[in-house]
1. I'd like to check something: does region B:55-72 contain any residue that is in contact (Cβ under 8 Å) with a residue 40 or more places away in the chain and touching a Phe, Trp or Tyr at 6+ places or on another chain (Cβ under 8 Å)?
2. Tally the residues that are within 21 Å of residue A:150 (Cβ to Cβ) and more than 7 Å from every other protein chain (Cβ to nearest Cβ), restricting the search to region B:20-37.
3. Answer with yes or no whether residue B:32 is touching a Pro at 6+ places or on another chain (Cβ under 7 Å), surrounded by 13 or more Cβ atoms within 10 Å (Cβ to Cβ) and within 30 Å of residue A:109 (Cβ to Cβ).
4. Going residue by residue through region A:131-149, is there one that turns out to be surrounded by fewer than 24 Cβ atoms within 10 Å (Cβ to Cβ) and more than 22 Å from residue A:250 (Cα to Cα)?
5. Kindly indicate whether any position in region B:172-189 is facing chain A (nearest Cβ under 9 Å), without any contact (Cβ under 8 Å) to a residue 60 or more places away in the chain and buried (at least 18 other Cβ atoms within 10 Å of the Cβ).
6. Consider residue A:150 against the criteria (1) free of Cβ contacts under 8 Å to residues at least 12 places away in the same chain; (2) closer than 30 Å to residue B:241 by Cα; (3) assigned to a helix (DSSP H, G or I): it satisfies all of them except one. Which criterion is unmet?
7. So which residues in region A:156-176 are under 32 Å from the mean Cα position of the chain (by Cα) and either under 15 Å from residue B:57 (Cα atoms) or not polar (S, T, N, Q) (or both)?
Amino acid sequence: MNAIRKYSGFNKLMDLLDTVQQKMNHPAWFFTPYVTLFVVFIIIPVIIAAGLSFTYFNTIETPEFVGLSNYIELLTRDEVFMQNVLPNTIRFAFIVGPVGYFLSFILAWMLAQIPHRPRTILAIVLYSPSMTAGIAMGVVWTVLFSGDATGYLNAWMMNFGLISEPIQFLTSPDYLMNIMIVVSLWSSMGVGFLAMLAGILNIDRTLYEAAVMDGMKNRWQEIFYITIPSMKPQMLFGAVMAVVATFQVGAIGVQLSGSNPTPQYAGQLMVNHIEDFGFIRFLMGYASAVSVILLIMIYGISKVTWSLLGERD
Amino acid sequence: MAKYQAMKVDPKGFSKDQLKFYAILIPMALFVALPIIFIVSHAFKPMNELFAYPPRFFVRTPTFENFRDLVALASQSGIPFSKYLYNSLIVTGLGVFLSVLVTSLGAYSLSKLKFKGKKLLFEINTLALMFVPIAVTIPRYLTIERLGLIDTFWVLILPLIAMPVGLFLVKQFIDQTPDELIESAKIDGASEMQIFTKIIIPIIAPALATVGILSFQLLWNDVIGPNLFIDDESMRTLAFYFQTLAALATNQAGAGGANMIAGQGIMAAASLIMFVPNIIIFIFLQGKVMNTMAHSGIKS
């Protein structure tokens with residue numbers, strides 16, 4: 001048996017690999033692949049976006065330098081941006097972000113206090129929506145919220161006598177945004193939620209007991225003086241994930257209403273505005289300016305969370 | 001008021017004071033699961049149940065009709081369903097492998113090797129945790145075009161391989177490995193790469209599983225790549241095919257009509273096909289994911 005293995009081609013290949021590996025000592029072997037891809041597909045696009053935002057670029061002619069005029073136009077003359085897109089984005093982000101984050105924490109906190117098996121099952125269920133990517137889900141939501149009596153929500157509410165006429169959930173500007181918020185909250189228990197759950201489970205138990213000895217009086221004190229401070233790094237990771245997830249959502253409004261722009265721009269978020277100008281109107285310079293503003297907003301909000309939750313050395 | 005007792009983390013068995021948590025967690029889980037149960041149920045509904053009024057949540061007589069239609073529709077468009085599936089499997093399989101490899105190599109260098117600019121690199125990567133790829137779709141397109149990658153398989157894979165979150169998680173995980181382990185292997189004459197493949201990889205398997213899952217979700221669900229960077233129909237993936245069907249179904253929703261309702265069943269079947277691999281992989285690897293997440297904290 002050993003003799004066969006000794007001379008098999010597989011073993012020779014492994015030996016060869018080992019000889020090659022023996023010579024790979026330089027750090028560059030390790031970081032070059034990642035750094036190359038990181039620079040090409042993340043850093044360079046961000047730099048190009050910043051550069052293009054100062055130009056007029058319609059994809060056919062070479063970009064023409066126009067200074068700050070895209071930004072000036074965006075902030076002073078783009079009524080849709082100032083009256084719909086920006087307020088929508090802020091409203092959406094400031095509800096979905098904090099509420100989703102709070103939900104993730106409180107659910108993780110409760111999950112940590114039940115035994116392993118039920119905890120695992122419930123955690124999988126709560127995490128599962130974040131794995132349903134937008135693609136075909138949009139159609140499923142349209143079936144549930146459909147604006148005529150065949151929509152499930154309408155049919156139920158009419159059945160129970162809550163409403164007499166079906167509500168145009170997806171085409172009415174009054175409802176679209178709220179449904180977007182509900183759908184996003186539904187899928188907000190993602191990676192950050194798992195991180196916080198792991199964080200709570202890993203807190204040293206003796207800390208809690210010591211606190212009781214020292215006269216800690218109630219659950220709230222425990223949460224604020226022990227649980228949260230002991231898992232600050234995970235709280236911060238969860239917060240950053242929540243911020244990013246919130247701003248990344250964009251497709252949802254377009255999927256639900258079936259059009260970009262969304263009805264009366266009611267569900268228009270910055271990501272949709274970028275798509276609208278970049279790929280529908282081909283005003284790439286202008287769209288890039290919106291991208292830059294979006295990246296700056298995410299960075300700013302993350303920095304605020306950072307200073308709230310980050311540990312100071 | 002009940003006397004305050006210290007929080008019982010990870011209890012071994014059931015006790016009465018857990019009831020209040022179940023009372024919130026179970027209804028919450030049911031509520032969250034409803035749309036998913038709906039997809040499963042809807043995907044198996046025959047035509048007459050899709051058209052039923054008042055609409056019924058659960059399927060009565062399950063059939064595979066929607067799945068058959070989904071496959072048949074693909075052949076009508078000239079590309080067999082199996083081709084889309086094959087493309088998706090290749091792109092996802094190769095992508096996940098490369099992502100795990102590239103990420104773990106990079107993470108090892110940031111954690112244990114010494115080189116100039118290492119600290120800066122990690123800081124930039126932490127900053128990039130906040131990166132939103134969708135915001136730079138346009139410049140990404142321009143970069144990819146310039147590199148001549150349009151209409152190649154690589155364009156579906158390469159842009160998604162470097163995941164800042166992945167590098168971050170694996171690096172934090174490797175930080176927990178004692179340096180003595182590496183030092184003693186060095187004394188035995190092992191090179192850095194041998195240490196990496198023989199000692200580090202087995203230890204960081206949970207973190208690699210986590211990167212694998214995240215990368216799988218990204219690649220398997222990606223529609224931006226096949227949508228923007230691919231013109232050749234025969235190179236497109238399942239996610240893309242389903243998106244075109246979805247666009248078709250939503251457009252018909254505006255016009256109303258029977259096609260839309262038939263489309264719903266097909267779309268539910270499509271959603272299910274996209275979702276099931278994700279959930280199965282997660283269920284198998286969730287223990288490893290939780291293990292990795294314990295080290296996920298950002299220390300600023």
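The values are calculated or read from the model by the stated rules, or taken from the named source; none is laboratory data. Being a predicted model, the structure only gives us computed values, none of them experimental. Cβ: placed from backbone, ideal geometry, glycine included. Neighbour counts: every protein chain shown.
1. Initial filter on region B:55-72 (in contact (Cβ under 8 Å) with a residue 40 or more places away in the chain): B:65-67, B:69-70.
Cutting the leftovers down to touching a Phe, Trp or Tyr at 6+ places or on another chain (Cβ under 8 Å) gives us B:66, B:70.
Yes, region B:55-72 has at least one match.
2. 2
3. Numbers: touching a Pro at 6+ places or on another chain (Cβ under 7 Å): yes; surrounded by 13 or more Cβ atoms within 10 Å (Cβ to Cβ): yes; within 30 Å of residue A:109 (Cβ to Cβ): yes.
Judged against the criteria, residue B:32 is a match.
4. Yes, region A:131-149 contains at least one residue that is surrounded by fewer than 24 Cβ atoms within 10 Å (Cβ to Cβ) and more than 22 Å from residue A:250 (Cα to Cα).
5. no
6. Among (1) free of Cβ contacts under 8 Å to residues at least 12 places away in the same chain; (2) closer than 30 Å to residue B:241 by Cα; (3) assigned to a helix (DSSP H, G or I), residue A:150 violates only (3).
7. Keep residues of region A:156-176 that are under 32 Å from the mean Cα position of the chain (by Cα), which gives A:156-157, A:167-176.
Result: A:156, A:157, A:167, A:169, A:170, A:173, A:174, A:175, A:176.
Residues are listed down the side, and each one gets a yes or a no for (1) modelled with pLDDT of 80 or more; (2) in contact with a Phe, Trp or Tyr (Cβ under 6 Å, 6 or more places away or on another chain); (3) among the aromatic types (Phe, Trp, Tyr):
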residue	(1), (2), (3)
A:120	yes, no, no
A:127	yes, no, yes
A:132	yes, yes, no
A:154	yes, no, no
A:169	yes, yes, yes
A:180	yes, no, no
